[in-house]
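Contents: one structure, followed by commentary.
Where a number appears in this text, it was derived from the coordinates with a stated rule and is not lab data. Because the structure is predicted, anything quoted here is derived from the model rather than measured. Methodologically, a virtual Cβ is constructed for each residue, glycine included, from the backbone with ideal geometry; neighbour enumeration extends over all protein chains shown.
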Amino acid sequence: MFRFLYIFLIGFCCFLSFVSCYAESDVKNHVQEVINSSTITRVQKPLIVHSDRKTLEYFIEHVEEIIKHGRDFKKGELLLEPKGNGRYGIQIPSKNITGEFALMEQTLDKATYMGQGNARSFLSFSGTIVLQVNYTTEHDEKGNYEDVRTAVYLKFDNAFFAILTRAVSPILIPKLDKLIAQFSNKTKNVIESAYTNKEWTQR
């Protein structure tokens with residue numbers, strides 16, 4: 001059982017999923033409810049991305065381009081289907097994960113995604129995730145860069161699995177943090193390469 005819980009958590013924490021449409025006020029309330037009652041909360045270490053803000057925000061608004069540009073992402077590892085208005089269908093075949101996710105809100109220096117999805121094995125798991133990305137422009141010897149800080153909030157729909165997950169969190173959390181960091185570094189590499197080569201301007 002722990003193995004399938006682990007697979008489910010990896011999929012959600014690394015790759016986002018989608019929630020059904022709500023009125024704007026309901027969306028904000030639902031985002032805050034997930035944050036306040038999350039089963040797992042992970043706040044990642046700041047990530048330095050040598051890029052300008054325009055390039056970074058392009059990829060925030062066009063998540064599918066990360067997969068297209070990312071040579072580190074294996075073919076078929078993650079399938080995204082753009083549905084317009086910042087919404088995407090998602091499949092992770094190797095993990096039997098399906099769902100949808102959306103860019104719910106974007107302000108001057110912050111983006112919030114929310115999603116819902118399912119993982120299937122001999123058991124089925126479902127849950128909601130909120131990903132918040134905060135970024136500020138800083139400067140070092142190489143020039144300007146974006147200081148990116150992310151927080152992940154995951155809430156299971158089933159209270160039993162939430163309790164079980166908390167019980168095994170000392171085992172799960174280090175593995176999840178490692179995998180989230182790997183995914184973040186892949187994304188960082190895509191954005192920096194695109195910025196250097198101005199690849200995204202050709203889209």
Item to complete: Could you calculate the contour length gain from Asn118 to Ile163, that is, 0.36 nm times the residue separation minus the distance between their Cα atoms, to one decimal place in nm?
Response: 14.4 nm
Worksheet item: Exactly which GluC sites (Glu not before Pro) in segment 136-203 are in a DSSP loop and have at most 10 other Cβ atoms within 10 Å?
Response: Glu141
